[in-house]
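Worksheet: one structure, shown below.
The values are calculated or read from the model by the stated rules, or taken from the named source; none is laboratory data. Predicted, not measured: the structure shown is a model, and the values here were computed from it. We place every Cβ from the backbone using ideal geometry, glycine too, and count neighbours over all the protein chains shown.
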Amino acid sequence: MSFRVVPAAYVLPLRRVGETDEVLLQLRCGTGYRDGHWAAAAAGHVEADESVYAAACREAEEELGIGITPADLVPLTVMHRTQGNGQPIDERVDFFFSCRTWTGEPRRVEQAKSADLRWYRLDDLPESVVPHELFVLEGLRRGDLPAIVSFGFDPAVSSEPGAPRR
């Protein structure tokens, strides 16, 4: 049976501090999805007739007030994920990018959807991180993030490389 997936773009701003990398995360609030969890600093759905690169740049401007170009984006992984409930909105393909170059100073632009914005060391993340995003952040920290991953599918029947085991 074929189905539709919702594409989304995620931007993980990174900076080097001493010998370690830090990632900028936002604390979700008022969204109805994983409120109270830390998440990518900028993320959102890809709109009709918009490339995933354009969506990532747009989301960074809308959520952080920073300017990035497609050339600033470094592809990290593509995640095919499901909530396993059969709802079309919960069938996703997520495109994750990192970014080390931008213009402007990151800030909370959408304050009704973001309770806080902080830099965290990749080796010292907060406790409550959105699970599929934590998977990406941990792979980024370890340096073994596959180009394509599946998340939320039954690991007993999943044969894809990099399929997370829960």
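Structure data summary
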{"read-out": "Test for Ala8: is it in contact with a strand residue (DSSP E or B) (Cβ under 8 Å, 6 or more places away or on another chain) and under 24 Å from Glu127 (Cβ atoms)", "value": "yes"}
{"read-out": "Checking Thr31 against (1) under 21 Å from Pro106 (Cβ atoms); (2) at pLDDT 95 or above, the condition it does not meet", "value": "(2)"}
{"read-out": "Given (1) touching an Asp or Glu at 6+ places or on another chain (Cβ under 9 Å); (2) within 18 Å of Val23 (Cβ to Cβ), index of the condition Phe95 fails", "value": "(1)"}
{"read-out": "Which listed residue, of Gly32, Gly67, is without any contact (Cβ under 8 Å) to a residue 40 or more places away in the chain, on the phi > 0 side of the Ramachandran plot and of a type outside the set (S, T, N, Q)", "value": "Gly32"}
{"read-out": "Given (1) within 20 Å of His80 (Cα to Cα); (2) without any contact (Cβ under 8 Å) to a residue 24 or more places away in the chain, index of the condition Val6 fails", "value": "(2)"}
